[in-house]
């Protein structure tokens, strides 16, 4: 996106020349003639860089600099002064200025300084993206799952992330709707811009409008200063509207208008402010029923419901529970120490219905890791209710997944060992019951068993001897 630069200087000629030079360099430029106008413009639009004169009518540049840094701490500001004293330079740098220009200055010098300041901003943002990326390894790790329904979720994220299409995420509480929203933002072209989340259920209805649109000073009793709302803070990025089904109807109308016109008015204000946001919404409510009952606007529903993504409850993808358990054990090992899970405890985790879904599973694993001082999580360490009688492990798992789950238990804790002869050991453990099962099926007929196994009869005899299997005593 093209960088946006604000110029504040009371000299018309200098302002005109600097604006023309920066526009020629490819930047979007807004120019104003005093400190108050600079602060108002900066509040209205998140500029990437500000050129700020020191001596202007009203508040001076140093005071304006402090106000700009209060509005946004990471703002890049270059101070301009015809009084290039050491004291002015020190004050400017102490207040957080990126650099200063002593008048008169060469236009090329100003353009080069703008390029350096914006490069510094991009590098800072890149470092922050990398930091968030490391966190996302754990954060997005909770999207672990091989179940076909989760595979569909991944495919949909891949298809829609690159566009600005509005997405409605539906699913029970704790299924990871905000996590999916963050993943969509992370893989979108807006990834370097803000991701702003607001929950309609977590904020009282009387305050939600101010939270979304921001109040002007004096808009209500406690509004002692202008404050940017979530819609403005998300400018250029993504706005995640969680629990959209809990939003009051009267506020739904104002939100719909803002999304359609791509502009807002602050609470108590009259100025129209342009916004550029991608909207992702989420709910665990039955919006269709809410529309029939007049609690949710149909036009807002259709505005949000361009793409719908359903997240499955954890009880419908039980085969993913062992993978999630492994992930959470690794995630919290640094704080709580490495832990293993006893087979009986894992069976109980897989059989539980998880009304709180993945969020509840992580909380249970954390608590169990604290309680399992011996290093192994046992059933008594799990603060969960009874296992569902209908929740058989085999009901939702393939043979391969069942074997893999058991193998995970066997290999846990071996990463530090140089050798455990694990391959031969595991092949032997699988081969013996396989031979016994096939011989039982053929009634001890070794020729037929060899045909089913795809090996010759001599090889079968050799393996029976190795494993101590007597074809005539298979029940022993």
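The values are calculated or read from the model by the stated rules, or taken from the named source; none is laboratory data. What you see is a predicted model; the values in this text were computed from it and never measured. Here the Cβ is made from the backbone with ideal geometry for all residues, glycine too, and neighbour counts use every protein chain on show.
I'd like the residue in the range 432-451 that is in contact with a helix residue (DSSP H, G or I) (Cβ under 7 Å, 6 or more places away or on another chain) and surrounded by 13 or more Cβ atoms within 10 Å (Cβ to Cβ) and, out of all such residues, is nearest to residue 338 (Cα to Cα).
Across the range 432-451, the extreme among qualifying residues is 432.
Looking at 71, 62 in this structure, which one is out of contact with any strand residue (DSSP E or B) (no Cβ under 7 Å at 6 or more places or on another chain) and either buried (at least 19 other Cβ atoms within 10 Å of the Cβ) or free of Cβ contacts under 8 Å to residues at least 24 places away in the same chain (or both)? Spell out how you get there, then give the answer.
On the way: 71 fails: either buried (at least 19 other Cβ atoms within 10 Å of the Cβ) or free of Cβ contacts under 8 Å to residues at least 24 places away in the same chain (or both).
Answer to the selection: 62.
Would you be able to tell me the number of residues in the range 462-476 that are at pLDDT 85 or above and in contact with a helix residue (DSSP H, G or I) (Cβ under 7 Å, 6 or more places away or on another chain)?
Of the residues in that region, 3 qualify.
Of all the helices (runs of 4 or more DSSP H) wholly in the range 277-385, which have at least 2 residues that are under 19 Å from residue 150 (Cβ atoms)? Spell out the reasoning first.
Values: elements: 287-292, 298-304, 321-331, 333-336, 343-351, 357-371.
Ranges flagged: 321-331, 343-351, 357-371.
May I ask you to say which residue of 255, 251 is closer than 27 Å to residue 186 by Cα and assigned to a helix (DSSP H, G or I)?
Residue meeting the stated conditions: 255.
Is one or more of the residues making up the range 402-418 touching a strand residue (DSSP E or B) at 6+ places or on another chain (Cβ under 6 Å) and at pLDDT 90 or above?
Scanning the range 402-418 turns up no residue that is touching a strand residue (DSSP E or B) at 6+ places or on another chain (Cβ under 6 Å) and at pLDDT 90 or above.
Regarding residue 44, is this residue in contact with a strand residue (DSSP E or B) (Cβ under 9 Å, 6 or more places away or on another chain) and farther than 19 Å from residue 4 by Cβ? Reasoning before the result, please.
Values: in contact with a strand residue (DSSP E or B) (Cβ under 9 Å, 6 or more places away or on another chain): yes; farther than 19 Å from residue 4 by Cβ: no.
Spelling it out, it is not the case that residue 44 is in contact with a strand residue (DSSP E or B) (Cβ under 9 Å, 6 or more places away or on another chain) and farther than 19 Å from residue 4 by Cβ.
Here is a yes/no grid of residues against (1) closer than 27 Å to residue 39 by Cβ; (2) in contact with a strand residue (DSSP E or B) (Cβ under 7 Å, 6 or more places away or on another chain); (3) surrounded by fewer than 21 Cβ atoms within 10 Å (Cβ to Cβ):
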site	(1), (2), (3)
171	no, yes, yes
176	no, no, no
199	no, yes, yes
207	yes, no, yes
212	yes, yes, no
243	no, yes, yes
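Just one of 292, 262, 274 is out of contact with any helix residue (DSSP H, G or I) (no Cβ under 6 Å at 6 or more places or on another chain), farther than 16 Å from residue 242 by Cα and without any contact (Cβ under 8 Å) to a residue 12 or more places away in the chain; which is it?
Just one listed residue meets the conditions, 292.
Hey, residue 375 hits all of (1) outside the structural domain of residue 334 (by TED's automatic domain parsing); (2) out of contact with any helix residue (DSSP H, G or I) (no Cβ under 8 Å at 6 or more places or on another chain); (3) modelled with pLDDT of 85 or more but one; which does it fall short on?
(1)
Could you look through the range 1-33, keep only residues that are in contact (Cβ under 8 Å) with a residue 60 or more places away in the chain and surrounded by fewer than 18 Cβ atoms within 10 Å (Cβ to Cβ), and pick out the one that is farthest from residue 105 (Cα to Cα)?
Once the filter is applied, the top-ranked residue is 1.
Return a yes/no flag: does the range 101-123 have any residue that is loosely packed, with under 15 Cβ neighbours inside 10 Å, at pLDDT below 70 and on the phi < 0 side of the Ramachandran plot.
Taking every residue of the range 101-123 in turn, at least one turns out to be loosely packed, with under 15 Cβ neighbours inside 10 Å, at pLDDT below 70 and on the phi < 0 side of the Ramachandran plot.
For the range 155-168, does any single residue satisfy the condition of being crowded, with 20+ Cβ neighbours inside 10 Å, touching a strand residue (DSSP E or B) at 6+ places or on another chain (Cβ under 6 Å) and in a helix (DSSP H, G or I)?
Scanning the range 155-168 turns up no residue that is crowded, with 20+ Cβ neighbours inside 10 Å, touching a strand residue (DSSP E or B) at 6+ places or on another chain (Cβ under 6 Å) and in a helix (DSSP H, G or I).
Yes/no matrix, rows are residues, columns are (1) buried (at least 18 other Cβ atoms within 10 Å of the Cβ); (2) touching a strand residue (DSSP E or B) at 6+ places or on another chain (Cβ under 8 Å):
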residue	(1), (2)
294	no, no
318	yes, no
329	yes, yes
334	no, no
361	yes, no
379	no, no
383	no, no
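Quick one: in the range 463-476, of everything that is farther than 14 Å from residue 440 by Cβ and under 56 Å from the mean Cα position of the chain (by Cα), which residue is surrounded by the fewest Cβ atoms within 10 Å (Cβ to Cβ)?
Just the residues of the range 463-476 that are farther than 14 Å from residue 440 by Cβ, to begin with: 463, 465-468.
Filter once more, keeping what is under 56 Å from the mean Cα position of the chain (by Cα): 463, 466-468.
Values: 463: 18, 466: 12, 467: 13, 468: 7.
In this case the residue turns out to be 468.
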